[in-house]
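The structure under discussion appears below in the form of structure tokens.
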Amino acid sequence: MTNMEMWPEIEKAATEQRRELVLQGGGVDKRISSCGGLPSSLYSLQLLNYLEVSQCPSLTEIHVEIKHLTNLQSLVLCRNKLTSVPDVIGILKSLKVLDLSVNNLKCLPQGITQLKELNTLNVSCNCLEALPGGLSQCNKLATINVSKNQITTFPPDLFSERLDLLSTLVASDNSLQELSGEICKLSALKVLDLSNNKLSEIPSDLSDCPKLKEINFKGNKLSDKRLEKMVNGCQTKSILEYLRGKGRGRRDEEGGDSDKKKKQQQQQQKKKKGKVREEKDEVEELNQMVVRVLHVSEAPTALTVKVNAEVKDVRPYLVCCLVRGMSLKPGNALKRFLLAQTKLHDDLCGRRTIATIATHDAQLVKGPLVYDVRPPTQLKVVPLGRREMTAVELIRQLHLEADELRKQKKRQNVTGLHKYLQLLEGKSVYPCLVDADGDVISFPPITNSEKTKIKKTTTELLVEVTSSTSLQTCKDVMDALIIKMAELNKFTVEHQEEAGSDGEEDSARQPAADAETSSQLIVQQVRTVDQDGNLKVVYPSKTDLSKEFSNFTVI
């Protein structure tokens, strides 16, 4: 830690008595590297209730002086190279949100268990082999994300009745070998993701979680092959019913009259045979969730995107594709799609710090497109729901709105586009996607253009993913989005009664046969080329969308 050096951001926060401070990106990282860490003056800002220090690979430790920031409610230290966090973090009794994701942590301090107000804990993408015992003392925990670590087992007290607010537990991509039946004690659990672990069994007690709505056990080699097929293809309700049936069968075997047991077993066998047929039918039906890839060679007028070299230092990575067959008209289909996109932004995209998704009505897009940069004063865009303005005007307006929100709601955290403003701080030029008319249709990571806004009547989408992290990140996010789109389209087809419920004319409703055919998505490749026309990337390629799901087929 440096001496009392005062960084301009810290000086401004002290002078204005601000309660929110964000230090992020390359410029901050260079100062951390040259100073040997964060300046001690940071820890004198005792009014702070939101502190974020992110995307700074030179940051490897947090000083114990952080104990002085006792008013902190949110501490975000993601995408650094932290190898440790001081145990004094347990002194921050007001802390509600702790984000230590994407670091190099091998263990967590025991002090975390003293955070009685903690609501959200995100330690995903680290090197953790275990979680500290005593997390049940944090009885206000609602969300825990420990995905992409090396955890082999959960601490016994994690499945405690004291955690009666815990609704989301994400522990995908670890090395978990066993899930305790005690998990049924988590009475508020709604979402459980244990995909891509080393589980061989799923306890039948899981079906006793009264509020469980979404489970994911894909990527585990289960000993019960029928159950393994179900977790890869069936909905949560069907899986829980199957587990509940197994639980009843086990309890029946433990006691009771033998004759009565035989009769019960015969009845159960009949029911099971019927259920097996239903489950097979369900899996076969889900297997119809098909994505067909239309290659560039099959589309002579295929869309291309030229990437100018100047984006290299701002946001260099981009992939695009066209999607047809997505049904957005019935009921709340469009709303579900937009909510799914928001969830991906918050989770997989790390609140847009890792990647940003943009979707356009392809019929309103005039190609070829150019991915370029422009100075903030020259970048003009019509943001969603707003008039045309320069990037400078938009950023200024968003800052004013954020300040007004703080005053109205008497809090420092802001929502909507306002929480992404810091992603552009210190940039002399901004990235943008420009159409053949010279109009900006996308200004990542902030907004799309009203010009190409998707609506219920949209039948073909241009989807783009940009990132400053890596090209593979863009592809991974695009894969996840396409799979989600296929799932949503399948859901829309299965709930045909919603068609036309938005008040449109009956003639606009799709007949059942048409709805069935619309469940197949067609993904057309989009080529991204450099300034000389040389191919940079085409999506989807043969290696994309290659994850094996029994209910997802690529042809």
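The values are calculated or read from the model by the stated rules, or taken from the named source; none is laboratory data. None of these values were measured; they are calculated from a predicted model. For neighbour counting, all protein chains shown are included, and Cβ atoms are generated from backbone atoms with ideal geometry for every residue, glycine included. The accessibility values were calculated without ligands, DNA or RNA, using every heavy atom of the protein model including side chains. Shrake-Rupley method; radii C 1.70, N 1.55, O 1.52, S 1.80 Å.
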So how strong a dipole does region 110-202 carry about its Cα centre when Lys and Arg Cβ are +1 and Asp and Glu Cβ are -1, to the nearest 20 debye?
220 debye
Please work out the average accessible area per residue across region 8-186, using the 1.4 Å probe convention, and give it in Å².
39 Å²
Assigning unit charges at the beta carbon (Lys, Arg +1; Asp, Glu -1) and nothing else, what dipole magnitude in debye, to the nearest 20, does region 8-186 show about its Cα centre?
280 debye
In region 299-406, if the dipole is taken from +1 on Lys/Arg beta carbons and -1 on Asp/Glu beta carbons about the Cα centre, which of LEU339, GLN397, VAL314 is farthest to the positive end?
LEU339
Based on the Cβ-Cβ distance from LYS221 to GLU241, what FRET efficiency comes out when R0 is 22 Å, to the nearest 0.05?
0.45
Unsatisfied cross-links (Cα-Cα over 27 Å) in the set LYS229/LYS490; LYS148/LYS451; LYS148/LYS306; LYS140/LYS490; LYS30/LYS536:
LYS148/LYS451; LYS148/LYS306; LYS140/LYS490; LYS30/LYS536
Put a dot 7 Å past each Cα toward the Cβ at GLU201 and THR15; how far apart are the dots in nm?
6.5 nm
For a Förster distance of 35 Å, can you work out the FRET efficiency between the beta-carbons of GLN397 and LYS211, rounded to the nearest 0.05?
0.30
Distance (nanometres) between label positions extended 7 Å along Cα→Cβ at GLN150 and ASP530:
3.8 nm
What is the sum of charges around ALA188, taking Lys and Arg as +1, Asp and Glu as -1, for the other residues whose C-beta is under 9 Å from the C-beta of ALA188?
+1
Sites ASN104 and PHE491 - FRET efficiency at Förster radius 25 Å, r taken between beta-carbons, to 0.05:
0.05
Rounded to one decimal in nm, the spacing of the 7 Å Cα→Cβ label points at ASN139 and LYS67 is 2.7 nm
Within region 31-129, how many lysine pairs that are 8 or more places apart, or on different chains, have C-alpha atoms less than 13 Å apart?
4
What residues of region 98-123 lie in the reach of a label at ASP87, counting those whose backbone N is under 11 Å from a point 7 Å from the Cα along Cα→Cβ?
109-112
Go through SER101, GLN55, PRO8 and say which Cα lies farthest out towards the positive end of the charge dipole of region 8-186; charges sit on Cβ, +1 for Lys and Arg, -1 for Asp and Glu.
PRO8
